[in-house]
Amino acid sequence: MDDLSEISKWTTERVNDLINQIDEGFATKINPFWEGMPEWRSGNIVFEYTSEEMGEIKKCSEDVIYFANRYCHAMTEDGVKKITLRDYQEDMLKDMQQNNKCVVLCPRQVGKTIVSGIFLTWYLLFNTDKNLMILANNGSTTEEIIDKIKNILINLYIIPLVKFFYKVIFYLKIPQKINCRT
């Protein structure tokens, strides 16, 4: 790695090695993390994906259910766990992906918010020419949806930088935005 461009080029393997070194107590001056937090990849880095990673990104971009079942995690009473979608939740995601407008009629506590969070995360990551606006009946509902999106994003290895501004507006390295209002 004599060339400066090679030093500044990051891969999943190189990031994982760096995380292991940090866990062992080694300090580093150069890292690919936003504000030094290993959960967030910085947006101003050169990242080289493997062909396998590019294949996964393509599959995820084409199928929200594949993305959800393979990569999405959520906070539970036992900590962050991989999401296991129920059949009706998969149907909701399919309908959201295939239709411009959807109305969901179902009882309380069946996972509508996490399904919405999964879809909005997927939509944000794979629709670079779109913006999102989240409208909710109150601020706590808006924050709950944002927290779902945040928890999903934190556990993805395929994401660019996400910066938080006042807990309600996200800007990604790619030109997408989420605006939230109550």
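Coordinate-derived values only; no laboratory data. Only a predicted model underlies this, so the values are computations on that prediction, with no experimental measurement involved. Using ideal geometry, Cβ is built from the backbone for each residue, glycine included, and neighbour counts are taken over all protein chains shown.
Taking the Cβ of each residue in V46, V103, V115 as the centre, tally the other Cβ atoms inside 10 Å and list the residues starting with the fewest.
V103, V46, V115
What do you get for GluC sites (Glu not before Pro) in segment 61-159 restricted to DSSP loop and a cutoff of at most 15 other Cβ within 10 Å of the site's Cβ? Can you show the working numbers first?
On the way: sites: E62, E77, E90, E143, E144; in loops: E77.
Listed in order of number, the matching sites are E77.
Under the rule of at least 5 residues apart or a separate chain, name every residue whose amide H is placed under 5 Å from the amide H of I83.
Here C72, H73, A74 satisfy the definition.
Compute and list, largest first, the equivalent-ellipsoid semi-axes of segment 1-121 from the alpha carbon gyration tensor, each √(5λ) rounded to a whole angstrom.
The three semi-axes for segment 1-121 are 36, 18, 12 Å.
Enumerate the calculated ³J(HN,Hα) couplings along segment 113-127 in order (Karplus 6.51 cos²θ - 1.76 cosθ + 1.60, θ = phi - 60°), each rounded to whole Hz, writing x wherever the residue is Gly or Pro.
5, 5, 5, 4, x, 4, 5, 5, 4, 4, 4, 5, 6, 10, 10
With a cut-off of 8 Å between alpha carbons and a minimum separation of six or more residues, what is the relative contact order of segment 24-91 in percent?
Reported relative contact order: 14 percent.
Principal axis extents for segment 31-75, Cα atoms only, whole Å, descending order, please.
So the three principal-axis extents are 32, 31, 13 Å.
Within a 10 angstrom radius of the beta carbon, how do I118, I45, I57 rank from fewest other beta carbons to most?
I57, I45, I118
Can you list the residues, at least 5 places off or on another chain, whose amide H is less than 5 Å from the amide H of W40, using H built in the peptide plane?
W34
By count of other Cβ within 10 Å, fewest leading, how are S116, S140, S51 ordered?
Exposure proxy ranking, most exposed first: S51, S140, S116.
Scan segment 78-116 for trypsin sites (Lys or Arg not before Pro) in coil per DSSP, keeping those whose Cβ has at most 12 other Cβ atoms within 10 Å, and list them by number.
Answer in residue order: R86, K101, R108.
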